[in-house]
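First the structure, in the form of structure tokens, and then the observations on it.
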Amino acid sequence: MEDAFVWLDWARELQSLAQAGLAYSKDVYDLERFTRIREISAEIISRQTELPLEKIRGLFCNETGYQTPKIDTRAAIIRGDTILLVQERDGTWALPGGWCDADQTIAANTVKETREEAGLDVRPVRLIALHGAHRNHAVCPYGICKAFVLCEELGGVFEPNTETIASGYFSLDNLPPLATQKLSLIHISEPTR
């Protein structure tokens with residue numbers, strides 16, 4: 001991670017330690033200390049991002065139990081020497097995908113997200129990469145694992161929807177502006193290796 005984001009690593013670590021302490025401690029004084037450590041981690045993120053502290057608390061301090069990364073699934077659909085991308089509402093492009101629902105496997109979530117965002121029915125072939133979000137320097141309070149699944153296109157047609165406004169196949173030497181908070185050129189160039 002770049003030095004510019006070291007504060008985020010520290011805040012995430014404090015949050016993780018505090019959450020584990022809150023989950024496993026019985027001593028009332030330790031619980032008080034872990035609650036304060038969690039609050040400090042939220043204050044760090046609020047100060048660095050200029051987001052309201054209440055919003056950070058809602059995002060960052062609402063889980064219980066041992067903290068684990070969130071899973072984001074992405075479909076890699078290859079056609080010849082091109083890869084399918086969907087255009088987000090902000091104009092940037094990404095592999096179809098999103099947060100893994102708690103009741104879904106990685107494969108099932110990839111199928112669901114591809115249908116929702118790209119209008120395509122796919123068959124997951126194999127998991128081809130698992131990356132930590134630090135690969136694209138995402139400023140996010142959560143640890144994130146991105147699961148990239150090679151998929152076979154079965155059919156379907158894209159229609160604009162609540163998440164995406166276009167889709168298309170692109171070669172690596174002709175990529176549109178990427179949604180860097182969701183993926184990077186590293187993710188696009190490595191999907192079948």
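Considering only residues in the stretch 129-160 that are exposed (fewer than 14 other Cβ atoms within 10 Å of the Cβ) and at pLDDT 90 or above, the one that is nearest to the chain's Cα centre (by Cα) turns out to be Leu130. Checking each residue in the stretch 79-106 for being over 14 Å from Ser167 (Cβ atoms) and in a strand (DSSP E or B) picks out Gly98, Trp99. Residue selection: Ile37 satisfies the criterion of being assigned to a helix (DSSP H, G or I), over 21 Å from the mean Cα position of the chain (by Cα) and either β-branched (Val, Ile, Thr) or under 29 Å from Phe148 (Cα atoms) (or both).
Name every residue in the stretch 79-93 that is more than 13 Å from Glu113 (Cα to Cα) and open to solvent by less than 10 Å² (accessible area, probe 1.4 Å), in order of residue number. Ile83, Leu84, listed by residue number. Taken over the stretch 77-93, the residue count meeting the criterion of being among the aliphatic types (A, V, I, L, M) and more than 13 Å from Leu172 (Cα to Cα) is 2. Among the residues making up the stretch 32-78, those that are open to solvent by less than 30 Å² (accessible area, probe 1.4 Å), farther than 30 Å from Leu127 by Cβ and among the hydroxyl-bearing types (Ser, Thr, Tyr) are Ser41, Ser46.
The values are calculated or read from the model by the stated rules, or taken from the named source; none is laboratory data. What you are looking at is a predicted structure, and each value in this text was computed from that prediction instead of being measured. Backbone-built Cβ (ideal geometry, glycine too); neighbour counts: all protein chains shown. Heads up: the accessible areas ignore ligands, DNA and RNA and are worked out on the full protein's heavy atoms, side chains in. Shrake-Rupley method; radii C 1.70, N 1.55, O 1.52, S 1.80 Å.
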